[in-house]
Structures are given as structure tokens and as C-alpha cells.
Amino acid sequence: MRNAKLPISWEMLAVAAALLYPLVPAVDDFLFRLTHWRFGFVMPTIFILAILALALNVVVGYAGLLHLGIAGFFGIGAYVTGILTVPAYPFGCSFWLAVLASTLVATAFGIVLSAPLLRLRGDYFALVTLGFGLAVMYSIRNLEEITAGTKSLNPVPPPELLPPFGQLFEAVGWGTDWASEYRLFYYLTLAFLLGTILLLRNLERSSLGRAWVALREDELAATCMGLNAARLKLAAFALSAALAGMAGSLYAIKLGSTADPLAYDFNRSVTMLCCLILGGLGNRNGVLLGVALILGYDNLLAPILDDVQRALGEQSGWKKIVLYPFTLLMSTKGKLMMFGLVLILMMRYRPEGLLPSSRVREEMHEGDPAPHTLPRKE
């Protein structure tokens, strides 16, 4: 028998690169000299928002329900963690307990919200979730006695390192200060992201995942085949809320604060939806690609172009005339215009996304002729 070779996919290479990046300081130093940005301090935030995008994909990509209020559950998770951990409150919970409580509270809100929405479809469902997200944001802003309003709750303490891990990190030359040693949050958030990916991968192959796909394809046909559409929607909404609450908890711990309530506004939900549309609905890898492109551009490339734009603004001549409008469009000031342009082009030329699932690809091109049926040129 021939020796079986282990297939190496690009997903495995991406995971390996993410795991090895902090272990090669030369790469981080090279990127810092090139861009004057420490990518290692930005990547944990991108990992957390990738979990949030995957949470939204459960409802939108798997179950086919348009959800416009995912930022509300993100904010609930962040503020539950803040209430349980900041010194201003008497709870003083540990990291793991705060993450667990944030996940459970967000799940409870998801179940309570979705229960009256089980009979709604399409635009009506989207409008209610939009209203919920706005209600959460304004509740956070106005309940100043609990949430401190626009001041946010701080400081949110970082996780405590157990003695074996602290000694191990010091032995390999790493610090134990969460504020200065980016590897700690990097590997913590990466571990949560990989756990989320593994969970969703197993769910896709389970009977529940196949039932969600059937519900997305045709709710009436799925119901006629004996599936309980209400329970399926409730399960999708609850899982999405749980993952979003967990991501919000990690976000507050990473920032050391619950941040301004505007961090959980409608723009956050729309940005996550843009990641799904760009990458590909219903496909984990497509969602991660969309996150890498949109959030990587927003958090890494746009700040670099801001510096270039400021430098060009002090110059004169052809460089300013030619390059300044381009950097203005690509920088932070023009990112919303860039996002809109990208979405328009995607809807026109590739509505299924860059890496769609096979089912979504077939749906988008259902009326197209098969390659073997195209007429041949004489």
C-alpha cells in the first residue's frame, strides 16, 4: 500500500502561521519598521471581532435570518463582564466566571428576544433585531447608575496567570504584564477563536446544522418534512447571542474597559454583516476571509494610510495631486465610502461572496447554463 499523505489545506497553514507569528520576533520587528505599528497588539481585537462575525453567521448564514442587532449582545457581554469585575462593584469575579456569566446572560437575552419573533420573517425580523440593538445601546448610555453612561466601566482587570504559567512565561523571556506583553492576549483570544471554529465545524456536520440549512433553503418545505422551525430559529438565535456575549466579554477584558456605548451601535452590526457578504454567507472560511479583509483594512491599513496622508498634506507638487485623493479614499476618513464601493461591486459581480458555501453558490447561479452546455465557437 502507498503511504497516505496528510492533506495540507490553506486553513491549516493559516492556523500554523497564526500560532507561530508571536514566536518569531524578527517578523514583528520587520512589520514595525515597515509600518510603525505593532500588529501583535491589534490582532487580538481582530480575533475577538472574528468570533462576533461567526456568531452572526449562525443566524444569517446558517438559518437564513437577517439579524441587524448583533452588536446589542456584544455590548451585553461587555457590560456584564464590567459589572462583575471592576472594583466599583463588590462582585470581584474571576476571568473565567465573568466570561461564563456574560455568555449565559447574553444567551438568556437572545432566548427572550427571539421567542416573540419566531413567526416573523424577512424584513420584519430584521427591523425588530435592529430595534433591539438600538435599545441596548441607548439603555447602556442612559442607565448611568449601573453602566456609568458614556464614561464606561473601568478598569476591567486582566486574567490572572496561574503560577505554573507565569513561571513558564518568565523562563522563555516573556513578561507577565498583560498591558505590555501582547502574546498573552494574542494566544488567549486565538484559543477562543479556534474553539469557536471547532464548535461551528462540528455543528455544521450535525443534524442541527443540516436542519438550519434546510430552514434557510425553504422554511415551508422544512416544516412539511417534520422540522420544528420555531425551535430551530430559537437555537440559532441563542447560539449566536452566546457567542456574541462571549466576544463582548473578551473585548472588555482586552480593552480594560467596557468602552463607549457607541462601540455597540448599528455600525458595528453592519460592519459584521459586511464581513459575511464580502467573504461568503454560510461558510466559516469565507467569514474569516471577510474579517481579515475588512477589519484588517480598518485596523491595520487605514491607520498607516492616515500617516501617509498627513505626510502628503505637507507637501506640494504632483505627489499631492495624484496620491492625496487616493489616500483620502483609503484612509480612516473615507473607509465608509470604500466599504460601500466594495459592497456595490460585490453585489454586481459576485453576490455569493469571495468564498461562499457550495449551496449558496448554486443558489446565486441557479439560472446560469452549465459549462458543458455553452455553445462552442466554430
How many residues, within the range 158-210, are of a type outside the set (A, V, I, L, M, F, W, C) and in contact with a helix residue (DSSP H, G or I) (Cβ under 6 Å, 6 or more places away or on another chain)? 8
Return yes when Leu300 is open to solvent by 40 Å² or more (accessible area, probe 1.4 Å) and under 30 Å from Met346 (Cα atoms) and no when it is not. no
Tally, over the range 215-261, of residues that are over 20 Å from Val112 (Cα atoms) and part of a loop (DSSP other than H, G, I, E, B): 9
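Report the residue count in the range 40-81 for those that are out of contact with any Ser or Thr (no Cβ under 6 Å at 6 or more places or on another chain) and among the β-branched types (Val, Ile, Thr). Working first, answer last.
Filtering the range 40-81 down to residues out of contact with any Ser or Thr (no Cβ under 6 Å at 6 or more places or on another chain) leaves 40-43, 45-46, 49-50, 52-53, 56-57, 60-66, 72-76.
Now narrow it down to the ones that are among the β-branched types (Val, Ile, Thr): 42, 45-46, 60, 76.
Qualifying residue count for the region: 5.
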Asn57: passes all of (1) surrounded by 13 or more Cβ atoms within 10 Å (Cβ to Cβ); (2) modelled with pLDDT under 90 but (2)
If we keep only residues of the range 274-285 that are assigned to a helix (DSSP H, G or I) and among the aliphatic types (A, V, I, L, M), then the residue most open to solvent (accessible area, probe 1.4 Å) is Ile277
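Any residue at all in the range 65-83 that is more than 20 Å from the chain's Cα centre (by Cα) and touching a residue at least 24 places away in the same chain (Cβ under 8 Å)?
Looking through the range 65-83, at least one residue is more than 20 Å from the chain's Cα centre (by Cα) and touching a residue at least 24 places away in the same chain (Cβ under 8 Å).
Specify which of the listed residues (Tyr264, Tyr297) is out of contact with any Lys or Arg (no Cβ under 6 Å at 6 or more places or on another chain), in contact (Cβ under 8 Å) with a residue 12 or more places away in the chain, aromatic (Phe, Trp, Tyr) and farther than 30 Å from Arg119 by Cβ.
Tyr297
Listed here are the residues, each with its yes/no results for (1) at pLDDT below 75; (2) part of a loop (DSSP other than H, G, I, E, B); (3) touching a strand residue (DSSP E or B) at 6+ places or on another chain (Cβ under 6 Å); (4) buried (at least 19 other Cβ atoms within 10 Å of the Cβ).
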site: Met272; (1), (2), (3), (4): no, no, no, yes
site: Ala311; (1), (2), (3), (4): yes, no, no, no
site: Leu328; (1), (2), (3), (4): yes, no, no, no
site: Leu336; (1), (2), (3), (4): no, no, no, no
site: Phe339; (1), (2), (3), (4): no, no, no, no
site: Leu345; (1), (2), (3), (4): no, no, no, no
site: Gly367; (1), (2), (3), (4): yes, yes, no, no
site: Arg376; (1), (2), (3), (4): yes, yes, no, no
Considering residues of the range 240-270 that are more than 14 Å from the chain's Cα centre (by Cα) and within 16 Å of Ala126 (Cα to Cα) only, the residue most open to solvent (accessible area, probe 1.4 Å): Phe266
Looking at the range 104-209, what helices (runs of 4 or more DSSP H) fall wholly within it and have at least 2 residues that are among the aliphatic types (A, V, I, L, M) and either open to solvent by 60 Å² or more (accessible area, probe 1.4 Å) or touching a Phe, Trp or Tyr at 6+ places or on another chain (Cβ under 8 Å) (or both)? 122-142, 163-171, 182-204
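The values are calculated or read from the model by the stated rules, or taken from the named source; none is laboratory data. Remember, it's a predicted structure, so these values are computed and weren't measured experimentally. Glycine also receives a Cβ, built like all others from the backbone with ideal geometry; neighbour counts cover every protein chain displayed. Quick note on the areas: whole protein, heavy atoms, side chains included, nothing else; ligands and nucleic acids left out. Shrake-Rupley method; radii C 1.70, N 1.55, O 1.52, S 1.80 Å.
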